[in-house]
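The structure appears right after this line, and notes come after that.
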Amino acid sequence: QVQLVESGGGTVQAGGSLRLSCAASGRIFSINVMGWYRQTPGKQRELVATISRREYTNYAGSAKGRFTISRDNAKNTVYLQMGSLKPEDTAVYYCKMEDYGRPYWGKGTLVTVSS
């Protein structure tokens, strides 16, 4: 089993920045894709950004130019640097990793952006 733990959430004013981290532990074989997703009440979970083991990245339109995803393979950790935050970025952010094709999710970290 693989466990994911997110950290770095909190409350920030509009225009501010936050850095999220997600570390994997447990019986890890080979994590390929790492990603961040977010969800607000009453809405489906949506993609924010993903990064492959070779560091190919993919961003949702809302994240392009403001967020940067990165990873540290040696630490089995993925990061999300968020800037120019907007109130509409308020959500629970979840990390997801695929180990040998099997998906694992963290429990989420709350990001609140105040106007």
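The values are calculated or read from the model by the stated rules, or taken from the named source; none is laboratory data. Remember, predicted model here, so these are calculated numbers, not experimental data. Positions of Cβ are generated from backbone atoms using ideal geometry, with glycine treated the same way; all protein chains shown enter the neighbour counts. Just so you know, the surface numbers come from the protein's heavy atoms only, side chains and all, with ligands and any DNA or RNA stripped out. Shrake-Rupley method; radii C 1.70, N 1.55, O 1.52, S 1.80 Å.
Using a 10 angstrom cutoff on alpha carbons, build the Gaussian network for the chain and name the most mobile of 81, 44, 13.
Looking only at 81, 44, 13, the biggest GNM fluctuation is shown by 44.
Scan the range 1-56 for trypsin sites (Lys or Arg not before Pro) in coil per DSSP, keeping those whose Cβ has at most 14 other Cβ atoms within 10 Å, and list them by number.
Sparse-neighbourhood loop trypsin sites (Lys or Arg not before Pro): 27, 43, 53, 54.
Given the range 8-107, what count of lysine pairs have C-alpha atoms under 20 Å apart, with each pair 8 or more places apart or on different chains?
Here the count comes out as 8.
Charges at C-beta only: +1 for Lys and Arg, -1 for Asp and Glu. How large is the resulting dipole of the chain about its Cα centre, in Debye rounded to 20?
I would put it at about 120 debye.
Restrict the search to the range 27-93; then list the GluC sites (Glu not before Pro) that DSSP places in a loop and that have at most 15 other Cβ atoms within 10 Å of their Cβ.
55
Could you work out the per residue convex hull volume over the alpha carbons of the range 28-112, in cubic angstrom?
Cα-based convex hull of the range 28-112, divided per residue, equals 98 Å³.
Taking all protein chains as present, what is the carbon and sulfur share of the accessible area of the chain, in % to the nearest whole number, probe 1.4 Å?
46
Using a probe radius of 1.4 Å on heavy atoms only, what accessible surface per residue do you get for the range 33-115? Whole Å² is fine.
With the other protein chains kept in place, the range 33-115 gives 55 Å² per residue.
Order the following by accessible area, largest value first: 40, 68, 109. Probe radius 1.4 Å; ligands, DNA and RNA are ignored.
Sorted by accessible area, descending: 68, 40, 109.
What number comes out for the charge environment of residue 74, summing +1 per Lys or Arg and -1 per Asp or Glu over other residues with Cβ under 14 Å away?
That sum, taken over residues with Cβ under 14 Å, equals +1.
Around residue 22, what is the net charge, scoring Lys/Arg as +1 and Asp/Glu as -1 over all other residues with Cβ under 12 Å from its Cβ?
Taking every other residue near residue 22 into account, the sum is +3.
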